[in-house]
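All remarks here apply to the structure that follows.
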Amino acid sequence: MRKYELMTIFPIEEDKFKTASDAVRAVLAKFGATVDKEESYGDRDLTYVINKNKRGRFLLLTVSANPAKISEIETQLKLTNNLLKWLFVKIEDEKNN
């Protein structure tokens, strides 16, 4: 298992945020990934309009996942309603730096 940060952007409406964030967690669980930490960055203005949204709710998830499953997880995230954008970033081991 490797550590990743998953930055996600959702619509600011509470019901859309709740259902979409639950769907993201379900996708991660489906592929054996675990959420180690969640950090909310709150509602922020977007640099550009995404699906008619000028503001988004940002949520950073620290995830442990099998590297071979990341592409499958991303494929499923594309199908998730009300998930505006996401980005996986691999966390480098401190001992390798």
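Treating each Cα of the chain as an identical point scatterer and summing with the Debye formula, the log10 of I(q)/I(0) at q = 0.10 Å⁻¹ comes to -0.26.
When shorter helices are ignored and each DSSP H run of at least 4 residues is given -39500 (n - 2.57), the per-residue value for the chain at 222 nm works out to -8500 deg cm²/dmol. On the chain, 48 percent of the accessible area sits on carbon and sulfur atoms, based on a 1.4 Å probe.
The residues packed around residue 68, meaning those with a beta-carbon under 14 Å from its beta-carbon, carry a net charge of +1 if Lys and Arg are +1 and Asp and Glu are -1.
Taking the longest Cα principal axis of the chain as reference, the axis of helix 14-30 is set at about 20 degrees. Counting only residues at least eight positions apart within a chain, or on another chain, the lysines with an alpha carbon under 30 Å from that of residue 3 are 16, 18, 30, 37, 69, 78, 85, 90, 95.
The values are calculated or read from the model by the stated rules, or taken from the named source; none is laboratory data. Just so you know, these numbers come straight off a predicted model, no measurement behind them. Note that we place each Cβ from the backbone using ideal geometry, even for glycine, and neighbour counts take in every protein chain shown. Side chains are part of the model used for accessible areas, which takes the heavy atoms of the whole protein and leaves out ligands, DNA and RNA. Shrake-Rupley method; radii C 1.70, N 1.55, O 1.52, S 1.80 Å.
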